[in-house]
1. Restricting the range 2-24 to residues that are closer than 23 Å to Val150 by Cβ and without any contact (Cβ under 8 Å) to a residue 60 or more places away in the chain, which is surrounded by the fewest Cβ atoms within 10 Å (Cβ to Cβ)?
2. State the number of residues belonging to the range 37-53 that are within 14 Å of Leu96 (Cα to Cα), hydrophobic (A, V, I, L, M, F, W, C) and either surrounded by fewer than 22 Cβ atoms within 10 Å (Cβ to Cβ) or over 16 Å from the mean Cα position of the chain (by Cα) (or both).
3. So which residues in the range 124-144 are surrounded by fewer than 17 Cβ atoms within 10 Å (Cβ to Cβ) and either touching a residue at least 60 places away in the same chain (Cβ under 8 Å) or assigned to a loop (DSSP other than H, G, I, E, B) (or both)?
4. Which of the residues belonging to the range 56-79 are closer than 20 Å to Leu122 by Cβ, under 17 Å from the mean Cα position of the chain (by Cα) and either free of Cβ contacts under 8 Å to residues at least 12 places away in the same chain or assigned to a loop (DSSP other than H, G, I, E, B) (or both)?
5. Name the one entry in Asp8, Asp30, Asp18 that is in a helix (DSSP H, G or I) and at pLDDT 95 or above.
6. Within the range 145-160, is there a residue that is acidic (Asp, Glu), surrounded by fewer than 20 Cβ atoms within 10 Å (Cβ to Cβ), touching a strand residue (DSSP E or B) at 6+ places or on another chain (Cβ under 6 Å) and assigned to a loop (DSSP other than H, G, I, E, B)?
Amino acid sequence: MIGVYQVDTLNLYPIVTDAVTKQLHLETEDAGRFTVPPNAYNPLRQQYDARTIVNALAERTSTRYDLSIGFVDVDMYVSKMNFIFGLADSVSKLALVSTFRLGGERFDERVAKETVHELGHLKGLEHCTRETCVMHFSNTLEDTDQKNAVLCSDCRSHLE
């Protein structure tokens, strides 16, 4: 069971449930709302530290979930990266996706891809070299748009 957490300004549960069910064959549950911790904001970068958000959310996630995923609408980063769309932390079994840079006509599709990508990491998948695989690393929004919303046959075989 995947616990789905969101900040108050988002309503992504239908998109997330559909993607997780179709692509990973897992069940989801609305785990509730959370607030981005103020100490995650870095005024020098004008962005939020994704690891700080993950750590704060991990403190409130329920042990009833096998994995958890949180959704925020702020611009995130990790050390040595200009920005990130998402982050997966295998220790806490928690993934985080930011919608900040995913806007536009393809918003739902992009959220679905990032959801499957980050949960794929939590299920043990690494980045894939196939540019069309959802597990391919996205350095730009164009990268996200070019890949499919599905796992390639090699990545799928690692989950089975």
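1. Restricting to residues being closer than 23 Å to Val150 by Cβ and without any contact (Cβ under 8 Å) to a residue 60 or more places away in the chain, the top hit is Pro14.
2. Narrowing the range 37-53 to residues within 14 Å of Leu96 (Cα to Cα): 37, 40, 48-53.
Still in the list and also hydrophobic (A, V, I, L, M, F, W, C): 40, 50, 53.
So of that shortlist, the ones also either surrounded by fewer than 22 Cβ atoms within 10 Å (Cβ to Cβ) or over 16 Å from the mean Cα position of the chain (by Cα) (or both) come out as 40.
Here the count works out to 1.
3. Gly124, Glu126, His127, Thr129, Arg130, Glu131, Thr132, Phe137, Asn139, Thr140
4. Thr61, Tyr65, Asp66, Val78
5. Values: Asp8 fails: in a helix (DSSP H, G or I); Asp30 fails: in a helix (DSSP H, G or I).
Exactly one of Asp8, Asp30, Asp18 is in a helix (DSSP H, G or I) and at pLDDT 95 or above, namely Asp18.
6. Taking the range 145-160 first, the residues acidic (Asp, Glu) are 145, 154, 160.
Filter once more, so that each one left must be surrounded by fewer than 20 Cβ atoms within 10 Å (Cβ to Cβ): 145, 154, 160.
Of the ones still in play, those that are also touching a strand residue (DSSP E or B) at 6+ places or on another chain (Cβ under 6 Å) are none.
No, because not a single residue in the range 145-160 is acidic (Asp, Glu), surrounded by fewer than 20 Cβ atoms within 10 Å (Cβ to Cβ), touching a strand residue (DSSP E or B) at 6+ places or on another chain (Cβ under 6 Å) and assigned to a loop (DSSP other than H, G, I, E, B).
The values are calculated or read from the model by the stated rules, or taken from the named source; none is laboratory data. As the structure is a prediction and not an experimental result, all values here were calculated from the model. Because the Cβ atoms are built from the backbone with ideal geometry, glycine has one as well, and the counts that use them run over all protein chains shown.
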